[in-house]
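Written below as structure tokens is the structure these notes are about.
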Amino acid sequence: MKVAVAGCCHGALDKMYETLELLQRRHNVRLDLLLCCGDFQAVRNEADLRCMAVPAKYRHMQTFYRYYSGEKKAPVLTVFIGGNHEASNHLQELPYGGWVAPNIYYLGYAGVVRFRGVRIGGISGIFKSHDYRKGHFECPPYNQQTIRSAYHVRNIEVFKLKQLKRPIDIFMSHDWPRSIYHYGNKKQLLKMKSFFRQEVESNTLGSPAASELLQHLKPTYWFSAHLHVKFAAFMQHQANSKEELPKATKFLALDKCLPHRDFLQIIDIEHDPSAGDSLEYDAEWIAVLKATNSLVSVTQSSWNMPENNGLHAKWDYSVTEENIKEVLEELNHNLKIPCNFTLTAACYDPSKPQKQVEPVHTINPQTTEFCAQFGLTDINDRIQQAKEEGSVRGEYEEEEEEEEMDSTGSAEEPSEYNTDNSGLSSINPDEIMLDDEGGDEDLSTCSVDPSPDHPPDFSASFSDIRIMPDSMAVSSDDAMDSTNEELEKSAVSKQVEEKSLNERPLKRIGGNENGNSGIKKIKRRNQTIYAAEDEDKTE
């Protein structure tokens, strides 16, 4: 089947689908599926805009709301993961995944689904070490800390994915797996993005959590975005035993959605011709969710996942064939994901702007139904209960954006950890710097220019086969260099700080960080990303 893969679309759905239509006409192909690797920006209204971690001047409505309202419908089934520029309040409604609009499906914090027999997995957000071991405690209205931490990857999602035993065909992450740049045209990458050099040479660019998953899952394809540059790599995995067959992963990172960019790639994926055209649950993933349900946390406390170190009675949460059979029997062997999309917020109306509307904590009926069906914890319901009991506090404060602020609109102090992804700047390791934005040269070895003379050829991108040496293997747990005492102090200080904030009530529908005055004015990562779009519009 024909699968299109897109990088950061930044809410420009009309532009993305128009480009897909153009490709189909030019090459006389019919696309079966579209995959988006984060920064999707499913913004429904002005309140959603205020929950997106970008400076106020870059908070544009874009076109998703037209698909949410039903004015338009996605012309091809679209499956996406979250990035670090999202309407976090909207995606938070669907922690286990669900429909954000008809024919547009979000994979959740982490998830696995099937389409025509192809197994597709993904993990949302980006890696940041000091939030990695926390629970999903954030809820709108966010403050200047939680508006960022809401999209940071958590260890429980990585732990769940590592329980999978069956092969994965396609996996998506927003940030790149750490070390993947060693398996592609690294020289050309550094030529295009010279400010990556320090991190590449020190092997700190990218996510150690994603790297850990890449080594464990060994999917046939891995797609990413985030760094706004096209890059292809081919990794030959080492076998864990003599009986294991050799496996390899084709990695591709996509550029952002702009007219002159290669932000789309069409590939041929082997599929089951007897399978239906509906998106389906993955039985093993559902069984893993059930097995790990007791590990769900909604607190800010940092803690490690169970491991075989003598401290845990159980550390293996992988499931048996009998567990998978039980899931199939629960569903009467009907794995089709119900088309149960529901409006949970008012849709943007250009004729009636609502600039003062406050974001609220919403419990989505899709999540309620999913949790009831499989006996899972509704994370948002748990957060709301904890909030009512006073153990979890959330507050949203809108503050004036300044030049000295970091890419999310607040001045963030340098991290004490050296494991943050994409971070040449110690000011805000969440973002990527695109000061060297010139040039659109492809970093893969093939041309994917959508022209009749150059049809997309994904396989030609992977001619260099390399094996990852053990010295490059990175564990997201081993990568942490802080002590438990430091983590506890950090957690306590945050709790004290939050108690000083005024509490606001939450509605149910279905810290302020002080900047470092000594920070010099620099071109922040997000500002550069979005400024590049402004420049494109004026060309």
In vacuo Debye sum over C-alpha of region 307-393, base-10 log of normalised intensity I(q)/I(0) at q = 0.11, 0.16 Å⁻¹, listed in q order, is -0.61, -0.97
For K355, placing the label point 7 angstrom along Cα-to-beta-carbon and taking region 61-77, residues whose amide nitrogen sits under 16 Å are 61
Among beta bridges assigned by DSSP with both residues in region 2-392, the antiparallel ones amount in percent, to the nearest 5, to 50
By accessible area (1.4 Å), largest first, S294, S124 order as S294, S124
Square roots of five times the C-alpha gyration tensor eigenvalues of region 196-344, ordered largest first and given in whole Å, equal 30, 26, 20
Note: C339 to E307 extended length (0.36 nm per residue) minus current alpha-carbon separation gives 7.7 nm
Computed about the Cα centre, the charge dipole of region 2-392 from +1 Lys/Arg and -1 Asp/Glu charges at the Cβ has a magnitude in debye, to the nearest 20, of 1420
extent check for region 2-392: Cα max minus min per principal axis, descending, whole Å, gives 66, 54, 49
Burial-style ranking of 346-355, 9-18, average other-beta-carbon count within 10 Å with highest first, yields 9-18, 346-355
Expected field for L311, accessible surface area in Å² at 1.4 Å probe radius, rounded to 10, holds 140
Of all trypsin sites (Lys or Arg not before Pro) in region 232-337, the ones in DSSP coil with at most 10 other Cβ atoms within 10 Å are K242, K314
Quick shape summary for region 112-210, equivalent ellipsoid via Cα gyration tensor, semi-axes whole Å in descending order, reads 26, 22, 12
The pairs in K2/K250; K2/K128; K165/K250; K134/K247; K165/K247 lying past 24 Å Cα-Cα in this model are K2/K128; K134/K247
Among region 301-345, those whose backbone N falls under 14 Å of a label point 7 Å along Cα→Cβ from S294 are 306-307, 312-318
For A239 and D316, extending 7 Å from Cα along the Cα-Cβ vector and measuring point to point gives, in nm, a value of 2.2
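The values are calculated or read from the model by the stated rules, or taken from the named source; none is laboratory data. What you see is a predicted model; the values in this text were computed from it and never measured. Note that each Cβ is placed from the backbone with ideal geometry, even for glycine, and that neighbours are counted across all protein chains shown. SASA here: full protein model, heavy atoms, side chains in, ligands and nucleic acids out. Shrake-Rupley method; radii C 1.70, N 1.55, O 1.52, S 1.80 Å.
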